[in-house]
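Every number in this text was worked out from the coordinates using simple rules, so none of it is lab data. Worth saying up front: this structure is predicted, and the values here are computed from it rather than measured. Every residue, glycine as well, gets a Cβ built from its backbone with ideal geometry; the counts of neighbours run over all protein chains shown.
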Amino acid sequence: MKLSDKIYVAGHRGLVGSAIVRLLRTRGFSDLITRVHSELDLRDQSVVRNFFAQEKPDIVVLAAARVGGIKANSDAPVEFLIENVEVQNNAISAAHESGVRKLVFLGSSCIYPKLARQPIPESALLTGPLEPTNEAYAIAKIAGIKLCQAFAQEYGTNFISVMPTNLYGPGDNFDLETSHVLAALLRKAHEAKVTRQRELVVWGTGEPRREFLQVDDFASAVLFLLENYDSPEIINVGCGEDISIRCLAELIGEIVGFEGDLSWDRSKPDGTPRKLLDVSKIEKLGWKATIPLRNGIAQTYDWFLKHRARQLANI
Ligand code: GDP
């Protein structure tokens, strides 16, 4: 990659897209293209085609997607399926038509079977039934992977698919209805502390295990793969360690300074029992996560205090 490459980051306002833009700027990439939703609706095929034909980016990072935690996914499967398939079909085919040199499609660890062997190797894709709470999203992401692979097979394009584990960090979504667990518990622990509540309500049983990767680590993996990986075979990105939701809630309580008790809302689903990615493939290529979970959570809490706490308290 050259510093003068024209790079389109789709979804630059999201958790992942904003981290990728931050990193590319820091590394000296100066020709970045971004568009907010009102300027470019990625669900609109003709608008997307015109945009790509006009801008002709060299590189595309497709970080635009409808995303959300376990509740949002179970509540809105139609939107998760339709919008994600529309956005990725439009962007991937327009990237091909306009001659994009390399595209990175972002998948998710939920593409793997609910009961996949742990840690989950890339070869587990399509070897068993999916977790029902995020099946619609997973099916959309699997369609995106297959589309990138089909373009590679039929037209020789260099479109790669990267599977991140659960991500968190500055820029996360702290809306309790749609967020993922880490951001939700940070906000709940903070609000419980400042309003002197005695209990912090955590969904499910606390037994499921998840792997968490700080988003700046993920952005560095994306750049590493842009520079070092040219295969249509999917590749996992994670930190290689997981933690139970119970331990995560305790750790967050400690970092935030919440001194009350945890209580369990067992009416909420646990989702998949365990989701730990096998990251040996990317580690063999020479990339490894660097931000320990405790530091990443502390830094995300600082970001939350500076950018979200007051604003959310006013709602
Ligand atoms: P998942 O990884 O796709 O299951 O998505 P989430 O990050 O939303 O949820 C992970 C796990 O954390 C699930 O077992 C949830 O039930 C649990 N969890 C506990 N408390 C919360 C919460 O307040 N919000 C969310 N989103 N999940 C929670």
Loop-resident sites, the range 1-86, for GluC sites (Glu not before Pro), counting at most 13 other Cβ within 10 Å (DSSP): 39
Chymotrypsin sites (Phe, Trp or Tyr not before Pro) restricted to DSSP loop in the range 1-104 with at most 14 other C-beta within 10 Å: none
Beta bridge orientation in the chain: antiparallel %, DSSP, nearest 5: 5
Once exposed loop trypsin sites (Lys or Arg not before Pro) are cut out (DSSP; at most 15 other Cβ, 10 Å), longest piece of the chain: 118-195
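Dividing the Cα convex hull volume of the range 199-268 by residue count, how many Å³ per residue is that?
Values: hull volume 7.6 nm³, N = 70.
Per residue, the Cα convex hull of the range 199-268 comes to 108 Å³.
What whole-number volume per residue, in cubic angstrom, does the convex hull of the C-alpha atoms of the chain give? Before the final figure, lay out each step's value.
Details: hull volume 40.3 nm³, N = 315.
Cα convex hull per residue, to the nearest whole number: 128 Å³.
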Within the chain, helix-based [θ] at 222 nm, where runs of 4 or more DSSP H residues each add -39,500 (n - 2.57), nearest 500: -13500 deg cm²/dmol
Nearest-ten-degree value, helix 293-307 long axis tilted from longest Cα axis of the chain: 90
Cleavage-rule hits (GluC sites (Glu not before Pro)) in the range 143-228: DSSP loop, at most 15 neighbouring Cβ within 10 angstrom: 177
Centre separation in Å (Cα based) which lies between the range 64-115 and the range 250-315: 23
Whole-angstrom gap from the range 126-196 to the range 1-28, using each part's C-alpha centre: 19
More than 19 angstrom apart: percent of Cα pairs within the range 19-162: 56
